[in-house]
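Visitor: Before anything else, here's the structure in question.
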Amino acid sequence: MTPMELAEIEARANAATPGPWEVGVLRRECDHPTTNQFTEERSVFPPLGESGPVALAAEGEHENGAFIAHARTDVPALIAEVKRLRAENDVLRKSADAAVDGVRAMLPAALKVAREEKREACAARLEREADAVHAKREGMDQRAASYIAARVGALRQMAQALRAETEPTR
């Protein structure tokens, strides 16, 4: 329901005879010339002191009359509830938007910290691998030891580059 539709319903409710209304029986004298009988019609009445019935219902349609009579108080109550819920929804939406904005504002700093932590963890792992490879160098021939020394140097250079936020050279 749009705000305009709600306003139209509210305008119709405000323009109607004030409530609460009641369902009752309206007795009328028959217009037949040979009998002096009364007919009864179910009617919806405004409060005492207001003018005639608001609506008439055929015999056996008490439920319709009750619905019409209660509409006078139900519709304003429903309008008030819709307005209350919309106001609550606006407050919740603004609160959610503020929370999202807060997270968005914190995100760059959080990502930076995460990158730094990940970078440091990776650099530390490279250092450990370099130490392990260096330890294996003992007892190898000169050519293998030179190769391993170069690889250890490359691992240490990559660890330093990660810590300095630069791209390692290969």
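Visitor: Return the long-range amide H neighbours of Glu22 (sequence gap of 5 or more, or a different chain), with a cut-off of under 5 Å between placed amide H atoms.
Guide: HN-HN under 5 Å from Glu22: Phe45.
Visitor: Step through the residues of the stretch 129-135 one at a time and calculate ³J(HN,Hα) from phi using the Karplus curve (6.51 cos²θ - 1.76 cosθ + 1.60, θ = phi - 60°), rounding each to whole Hz and writing x for Gly and Pro.
Guide: After applying 6.51 cos²θ - 1.76 cosθ + 1.60, I find 5, 4, 4, 5, 5, 4, 5 Hz.
Visitor: Residue by residue, what Karplus-based ³J(HN,Hα) values in Hz, rounded to whole numbers, does the stretch 85-93 have, using 6.51, -1.76 and 1.60 with θ = phi - 60° and x for Gly and Pro?
Guide: Here the 3J(HN,Hα) series is 5, 5, 5, 4, 4, 4, 4, 5, 5 Hz.
Visitor: Please sort 116-129, 148-161, 98-111, 4-17 by packing, taking for each peptide the average over its residues of neighbouring beta carbons within 10 angstrom, highest first.
Guide: 148-161, 116-129, 4-17, 98-111
Visitor: Please turn the phi angles of the stretch 6-15 into ³J(HN,Hα) values with the Karplus equation 6.51 cos²θ - 1.76 cosθ + 1.60 (θ = phi - 60°), one per residue in order, whole Hz, x for glycine and proline.
Guide: Result, rounded to whole Hz: 4, 5, 5, 5, 5, 5, 5, 5, 5, 7.
Visitor: Continuing with this model, one more query. Would you please give the FRET efficiency between Ile9 and Met106, computed as 1/(1 + (r/R0)^6) with r the Cβ-Cβ distance and R0 = 45 Å, to the nearest 0.05? Intermediate results must be reported in sequence, preceding the final value.
Guide: Numbers: r = 44 Å, r/R0 = 0.98.
Computed FRET efficiency for Ile9 and Met106: 0.55.
Only the coordinates and a few stated rules stand behind these numbers; no lab work does. This structure is a prediction, so every number in the text was calculated from the model and none was measured. Positions of Cβ are generated from backbone atoms using ideal geometry, with glycine treated the same way; all protein chains shown enter the neighbour counts.
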